[in-house]
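The values are calculated or read from the model by the stated rules, or taken from the named source; none is laboratory data. On a predicted model such as this, the values are computed, not experimentally measured, just so you know. Quick reminder, even Gly has a Cβ in these numbers, built from the backbone with ideal geometry, and neighbours come from all protein chains shown. Accessible surface is based on the protein model in full, side chains and every heavy atom, while ligands, DNA and RNA are left aside. Shrake-Rupley method; radii C 1.70, N 1.55, O 1.52, S 1.80 Å.
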2 protein chains.
Amino acid sequence: LKTVILCGGSGTRLWPLSTTESPKQFVQIFNGKSLFEKTIERNNSDKYSIILNEKQLPLAKTQIAENCFFITEEVGRNTAPAIAFAALSSDPEEVLLVLPSDHLIENIEEYKKCIELAEQYAKEDKLVTFGIKPTYPETGYGYIQAKEHDVLSFKEKPDLETAKKYLADGEYYWNSGMFCFKAKTFLEELQKYSPQIYDACKTVYEEKKSDNNTLTLPADKLNRIPSLSIDYAVMEHSEKIKVVPSDINWKDLGSFDSLDTVLDKDENGNTQNERLIVHESKNNLIIKQLDKDIALFNVEDLIIVQSEGSILIGKKGKSQNVKKVFELRKTK
Amino acid sequence: LKTVILCGGSGTRLWPLSTTESPKQFVQIFNGKSLFEKTIERNNSDKYSIILNEKQLPLAKTQIAENCFFITEEVGRNTAPAIAFAALSSDPEEVLLVLPSDHLIENIEEYKKCIELAEQYAKEDKLVTFGIKPTYPETGYGYIQAKEHDVLSFKEKPDLETAKKYLADGEYYWNSGMFCFKAKTFLEELQKYSPQIYDACKTVYEEKKSDNNTLTLPADKLNRIPSLSIDYAVMEHSEKIKVVPSDINWKDLGSFDSLDTVLDKDENGNTQNERLIVHESKNNLIIKQLDKDIALFNVEDLIIVQSEGSILIGKKGKSQNVKKVFELRKTK
């Protein structure tokens with residue numbers, strides 16, 4: 001089993017914690033570990049393929065040392081091409097476990113069982129996706145409708161009404177963005193359903209410039225490849241799909257509100273922090289990267305993020321607006 | 001007329017904007033000017049005597065260049081001794097206008113008229129105090145009960161009920177802490193009503209170590225002098241008091257809530273700031289001393305102060321709690 005980790009995306013919804021140079025998956029806020037490091041630790045594989053922006057390479061190398069092949073993209077082309085490059089640079093019979101780098105999975109025992117089952121299906125030339133049992137009507141994820149291990153349909157991000165129906169129904173799972181298949185199976189299905197992407201990736205790969213442990217993909221070549229997700233390019237069309245329902249305490253840490261659910265709290269519900277001074281203040285999320293005091297009085301439910309260059313202060317429950325703040329900032 | 005400016009007090013209620021090394025009166029937050037500079041500018045005197053902590057001297061010297069005599073105290077002994085040193089180092093017949101350094105006065109024309117009247121009384125050997133017409137029932141100031149220019153009584157900080165009565169009555173003024181008198185008159189009255197302070201100051205002054213423009217008062221000498229305010233030591237006892245009612249748009253900037261009333265706002269009611277990025281946020285006080293972006297989303301009525309070493313975030317209307325935060329921090 002080779003673990004393929006997708007590190008693309010700079011995560012504007014977590015600005016200023018996450019920037020292009022230091023994206024969220026590399027920020028060490030979980031007792032000194034990053035989500036990337038926790039992903040490595042959780043899988044403990046013999047082989048890794050890491051797909052990332054070339055700007056992130058120096059940082060990634062400080063967080064993983066061994067058994068690692070890096071694929072650097074100068075520009076991101078979404079997941080279908082990224083995974084294609086991982087598959088093209090693997091043995092065709094090799095089973096790939098494809099994982100985003102910004103998930104937190106807390107039930108490791110159950111996770112390992114799911115991976116075993118997925119690997120079994122992958123060896124039977126299936127494309128496996130992992131479905132997460134929804135715990136609330138999230139509107140920010142795609143859903144998979146399934147019966148046992150068979151996929152009935154893929155669903156786009158629903159509105160709240162529809163999400164509530166999905167939740168009540170019991171046949172619907174969050175599409176986690178984790179996959180498992182043989183390199184060969186994925187490439188065959190990609191060629192079948194998205195031949196343009198397959199051909200473009202193959203051409204770029206054959207012109208490749210790689211040294212021992214790094215495949216470097218420059219923008220001028222990548223720009224020839226259609227930018228498309230694996231779901232649109234392959235999963236929604238293939239007849240070889242299997243789903244592994246995964247009750248693994250899974251969290252996608254894509255926003256400060258979701259980060260807040262996993263960070264340790266003190267007795268007032270404020271994020272644990274040695275340099276925090278508090279008077280009549282509770283339930284505040286505090287993330288800071290600088291060694292400075294933060295003092296609070298008479299505030300509740302705030303999101304406070306201090307990075308090297310900026311300070312962000314907002315209201316819990318509204319962290320979707322960080323993206324708007326980020327965009328406003330760019331226009332300044 | 002010699003202007004005597006009292007710069008004592010580090011202002012814990014304005015931490016972290018105000019620290020011992022850089023107290024509030026020297027922080028340049030009014031279009032690049034400090035309260036100290038605005039005090040100098042407002043009075044435009046031929047001569048100044050500046051009384052301050054010796055740690056503040058380098059900073060003060062960057063904000064005033066000419067016609068200035070500095071009296072540095074290694075430890076503060078309250079206003080009676082400070083003013084005694086200013087008087088002892090002046091010509092006995094010289095009229096002193098004694099001013100705190102942390103006031104803002106916006107009606108300059110009226111202010112000048114008040115000073116003229118005060119100077120006239122001072123030349124007649126009176127001790128003049130300036131009474132501010134109250135605009136709301138403030139409980140944090142002392143009050144002066146007066147009839148025309150005659151003082152009936154000095155009142156300590158009242159409770160809210162009493163403050164409301166004072167406000168309704170019309171005979172009561174806020175005790176502004178500004179004074180005007182001849183050096184000689186003040187020293188005579190000090191000797192009469194607080195001979196211990198007078199004698200101690202005189203002794204210390206005679207052992208003085210001063211160069212051209214600085215009188216340096218070390219802690220071991222100052223500690224021999226009783227620490228007492230001019231109100232307790234002289235004003236409440238003397239029969240030579242006159243009051244000048246002053247309708248001068250006066251503000252004592254002792255808290256972030258009071259600072260908020262005088263800083264310029266943008267169209268959303270947030271403090272004007274070039275590096276501010278705002279989404280659905282209004283009426284926030286933002287004071288920052290570092291060249292960093294501050295981004296806000298969905299927050300209102302916050303006090304946000306960013307200094308070199310710390311960040312303070314709290315709720316408007318509660319800035320009296322800054323003092324508590326400051327004390328908590330010291331015990332950490």
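Mean sequence separation of contacting Cα pairs (under 8 Å, at least six apart), scaled by the length of chain A, corresponds to a relative contact order of 21 percent. Using heavy atoms of the protein chains and a probe of 1.4 Å, the accessible area assigned to A:Y193 is about 60 Å². For B:E206, the label point sits 7 Å beyond Cα toward Cβ; its separations from the matching points on the remaining copies run 10.5 nm, from shortest to longest.
On the beta carbon distance between A:K55 and A:T139, with R0 = 35 Å, the FRET formula returns roughly 0.65.
Think of the protein assembly as shown as having a plus end and a minus end, set by charges on the Cβ of Lys, Arg, Asp and Glu; of B:S101, B:V151, A:S194, B:S101 sits farthest toward the positive end of this dipole.
Which of the three applies to segment B:172-215, rounded, prolate or oblate, going by the alpha-carbon gyration tensor with a ≥ b ≥ c and a/c under 1.5 meaning rounded? It comes out oblate by the Cα gyration axes. Taking Cα atoms only, the orientation of helix A:108-123 departs from the longest principal axis of chain A by about 20 degrees.
Tell me the net charge near A:V262. Cut-off is 10 Å between Cβ atoms, A:V262 excluded, with +1 for each Lys or Arg and -1 for each Asp or Glu. The partial results should precede the final answer.
On the way: positive: A:K251; negative: A:E106, A:D260, A:D264.
Around A:V262, the surrounding residues sum to -2.
Counting only other chain Cβ atoms within 10 Å of each residue's Cβ, the peptide A:146-153 averages 0. Across the alpha-carbon set of segment A:85-179, the Rg to Rh ratio works out to 1.00, Rh being the Kirkwood radius. When the P(r) of the protein assembly as shown is calculated, the portion above 49 Å amounts to 36% of the C-alpha pairs. Relative to the longest principal axis of the Cα atoms of chain A, the long axis of helix A:183-193 makes an angle of roughly 80 degrees. Between helix A:79-88 and chain A, what is the angle of the helix's C-alpha long axis to the longest principal axis, kept within 0 to 90° and rounded to the nearest 10? It works out to around 50 degrees.
Leaving out ligands and nucleic acids, note down the accessible area per residue over segment A:146-210 with a 1.4 angstrom probe, in whole Å².
54
Need one word for segment B:47-91: rounded, prolate or oblate. Basis is the Cα gyration tensor (sqrt eigenvalues a ≥ b ≥ c); a/c below 1.5 gives rounded, then a/b vs b/c decides. Oblate.
In the assembly of identical copies, B:K123 has its label point, taken 7 Å from Cα in the direction of the beta carbon, separated from the corresponding points by 10.8 nm (ascending, one decimal). Each residue of segment B:130-141 was assigned a 3J(HN,Hα) from its phi angle through the Karplus curve 6.51 cos²θ - 1.76 cosθ + 1.60 (θ = phi - 60°); the sequence is 10, x, 9, 4, x, 10, 7, x, 5, 9, x, 10 Hz, with glycine and proline shown as x. Averaged over peptide B:322-331, the number of partner chain Cβ atoms lying within 10 Å of each residue's Cβ comes to 4. Over segment A:1-141, Cα pairs under 8 Å with separation of 6+ residues give a relative contact order of 29 percent. For B:I241, the solvent-accessible surface computed with a 1.4 Å probe is close to 20 Å², ligands and nucleic acids excluded. Taking B:H237, B:H279, B:H149 in turn, the Gaussian network model of chain B (Cα-Cα springs below 10 Å) assigns the largest fluctuation to B:H279. For chain B, set up a GNM with springs between Cα atoms under 10 Å and report which of B:N67, B:N284, B:N43 has the largest fluctuation. Its mean-square fluctuation being the largest, the pick is B:N67. Dipole check for segment A:1-72: with +1 at the C-beta of Lys and Arg, -1 at the C-beta of Asp and Glu, and the Cα centre as origin, the magnitude is about 180 Debye.
Only DSSP H runs of four or more residues enter the estimate; each adds -39500 (n - 2.57), and after division by the residues of the protein assembly as shown the mean residue ellipticity at 222 nm equals -8000 deg cm²/dmol. Among B:K330, B:K221, A:K282, the order of accessible area from largest down is B:K330, A:K282, B:K221, computed with a 1.4 Å probe on protein heavy atoms.
Counting heavy atoms of the protein chains alone, B:Y48 has an accessible area of about 10 Å² for a 1.4 Å probe. Sorted from shortest to longest, the distances between the B:N223 label points of this copy and the other copies are 7.4 nm, with each point 7 Å from Cα along the line through the beta carbon. A simple rule links phi to the HN-Hα coupling: the Karplus curve 6.51 cos²θ - 1.76 cosθ + 1.60 with θ = phi - 60°, which for segment A:147-163 gives 10, 6, 9, 9, 7, 8, 6, 9, 10, 5, 3, x, 7, 4, 4, 5, 4 Hz, with x for Gly and Pro.
Projecting the Cα positions of B:L52, B:V128, B:F70 onto the charge dipole of segment B:32-155 (unit charges on Cβ atoms of Lys, Arg, Asp and Glu, taken about the Cα centre) puts B:L52 furthest along the positive direction. Take each residue in A:124-137, count the other chain C-beta atoms within 10 Å of its C-beta, and the mean is 0.
For segment A:289-329, rounded, prolate or oblate, judged on the Cα gyration tensor with a ≥ b ≥ c (square roots of eigenvalues), a/c < 1.5 rounded, else prolate if a/b > b/c? Before the final figure, lay out each step's value.
Details: a/c = 2.93, a/b = 1.20, b/c = 2.44.
Since a/c reaches 1.5 but b/c is at least a/b, the shape of segment A:289-329 is classed as oblate.
Compute for chains B and A the buried accessible surface, both sides summed, probe 1.4 Å, and express it in Å² to the nearest 100.
Values: alone 15970 and 16000 Å², together 28900 Å².
Chain pair B/A: roughly 3100 Å² of buried accessible area.
Considering only alpha-carbon pairs that sit under 8 angstrom and 6 or more positions apart, the relative contact order computed for segment B:182-282 is 18 percent.
When only the Cβ of Lys, Arg, Asp and Glu is charged (+1, +1, -1, -1), the dipole of the protein assembly as shown relative to its Cα centre reaches about 160 debye.
Across segment A:321-332, computed HN-Hα scalar couplings (Karplus, 6.51 cos²θ - 1.76 cosθ + 1.60, θ = phi - 60°) run 7, 4, 4, 5, 4, 4, 5, 4, 5, 4, 7, 6 Hz from first to last residue, x flagging Gly and Pro.
Legend: distances between Cα atoms for A:K123/A:K147; A:K24/A:K265; A:K47/A:K147; A:K316/B:K24; A:K282/B:K282; pairs beyond 25 Å are A:K47/A:K147; A:K316/B:K24. Between the alpha-carbon centers of segment B:281-314 and segment B:217-246, tell me the distance in whole angstrom. Using only Cα atoms, the two centres lie 38 Å from each other.
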